[in-house]
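Inspection log for the structure reproduced underneath, given as structure tokens.
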Amino acid sequence: MPLDFVRAHTVLAHVPFVPEVLLRQAEEPIALWEATEAGGASQPPPFWAFAWAGGQALARHVLDHPELVHGRSVLDLATGSGLVAVAAAKAGAAPVTANDIDPYSLAAARANAEDNRVSVDTIEADLLDTDDKYGVVLAGDVFYSREMAGRVLPYLRRAAGRGSLVLVGDPGRAYAPEGLIPRATYDVPVNEALESCAFRHTTVWQITA
């Protein structure tokens, strides 16, 4: 079961830049990835087991400015660990939906929501061709590949066109688009084994239609 796997292969710890949030995090990235593939099937990288810079910045921004999400429906797109969804719920958003295509990611999001005593719904699906409306759409670190950026940006712009507040946390990934509106910048502590540095200068951007 993904939930049992998540709990067995992570350690519950405070997020460096968002200490209000407890998160189930892996201590050894490569060992965890190997464990996910032990059953023989190819698995995506365990993005759900780490607090990435974009998500940390976005979570920090939401907790520091709860008026952005309080009382509004929130979608955390490509949620990973569920960090941003948990932060939104802590800031008073309702309902909060965490979305991903990886069942381990959604298991992690459910575990992290439970550990933080907040309510987060989950959707396992590719939503990038859909048009359901949310009050706020949040996305942390989604411009890490050309393919992902090419699919996610049109979705985010459509969401903004429907009236959603759309915020993205990005630490200067190669495929981040131009023309976004900066809302805040942070120097976020990151996992050196993954990022080859101790901090990432990260921006929270607003996306418009």
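Taken together, the values in this text are just the output of simple stated rules run on the coordinates, not laboratory data. Keep in mind the model is a prediction, meaning the values are calculated, not measured. Positions of Cβ are generated from backbone atoms using ideal geometry, with glycine treated the same way; all protein chains shown enter the neighbour counts.
Quick look at the values:
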{"item": "DSSP-loop trypsin sites (Lys or Arg not before Pro) across segment 62-169, with at most 12 other Cβ within 10 angstrom", "result": "Arg117, Lys133"}
{"item": "Acute angle (nearest 10 degrees) that the helix 146-161 long axis makes with the longest principal axis of the chain, alpha-carbon atoms", "result": "40"}
{"item": "Nearest-ten-degree value, helix 53-64 long axis tilted from longest Cα axis of the chain", "result": "60"}
{"item": "³J(HN,Hα) computed for each position of segment 163-179 - Karplus, 6.51 cos²θ - 1.76 cosθ + 1.60, integer Hz, glycine/proline x", "result": "x, 6, 7, 10, 10, 10, x, 9, x, x, 5, 4, 10, 5, x, 8, x"}
{"item": "Estimated translational D of the chain in µm²/s (Stokes, Kirkwood radius over Cα pairs; 10 °C; 1.306 mPa s)", "result": "95"}
{"item": "Computed magnitude of the charge dipole of the chain (debye, nearest 20; Cβ of K, R +1, Cβ of D, E -1)", "result": "660"}
{"item": "Order of Ile123, Ile181 under a 10 Å beta carbon neighbour criterion, fewest first", "result": "Ile181, Ile123"}
{"item": "Interchain or long-range residues, amide H under 5 Å from Ala93's placed H", "result": "Gly71"}
